[in-house]
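The structure appears below as structure tokens.
Every number in this text was worked out from the coordinates using simple rules, so none of it is lab data. As the structure is a computational prediction, the values presented were derived from the model and not from experiment. Note that each Cβ is placed from the backbone with ideal geometry, even for glycine, and that neighbours are counted across all protein chains shown.
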Amino acid sequence: MAVKIRLTRVGRKKQPSYRVVVMDSRKPRDGAYIEQIGRYDPREDPSIVEIDNDRALDWLNKGAQPTERAKKLLEISGAWTRFRVAKGDIHTIEATPAVEAAPEPAPVMLDDIQAEAATAEPAPVMLDDLQAEAAPEPVAEEPAPVMLDDLQAEGAAPAEGTEPEETAEETT
């Protein structure tokens, strides 16, 4: 006997809901079933999927084949993943037990902060710290560009390989 996990339609006209059932594949859609393992209501927002994963896993291990839609619902519920892990298709790594987590700190209340501030002594202020904060940072000044005319006016000789410029007085 070929056993299937599939959906059986229940509900009124144009208001479907479904049962997830295990039944002989030769039976009609709404015929007698072996066991009901869940329900599916697509009209709710969000859709309701309730499946007994232990029973579904048991039937899958016995060889029951889910239909395409039933397989999707089994994936949503987690039964299909559990089946594949048990079968060896999916390999999982079990985590080692974690060290106990540190206890969460107690919540800090505003009254506690104000009381702490009232009793706490202010930190000493050093004179060097105040002077360092108040002193402006030195600004590096850029040297002024030196012009050739300035050098000639001071009497400096022109650079080697350059000829002195002729002025208008010499050309007359």
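With Rg and the Kirkwood Rh both taken from Cα atoms, where does Rg over Rh land for segment 3-87?
Result for segment 3-87 is an Rg/Rh of 0.96.
At most 16 other Cβ atoms within 10 Å and a DSSP loop assignment: could you name the trypsin sites (Lys or Arg not before Pro) in segment 1-86 that fit?
Loop-located and lightly packed - 13, 14, 26, 29, 43.
Quick check for me: using +1 on Lys/Arg Cβ and -1 on Asp/Glu Cβ, what's the dipole size of segment 3-87 about its Cα centre, in debye to the nearest 20?
It works out to roughly 420 debye.
Neighbouring Cβ atoms within 10 Å as the yardstick, rank 45, 24 fewest first.
Final ranking by Cβ density, sparse to dense: 45, 24.
Distance between Cα centroids, segment 26-73 to segment 1-22: provide it in whole Å.
Centre-to-centre distance over Cα atoms comes out at 8 Å.
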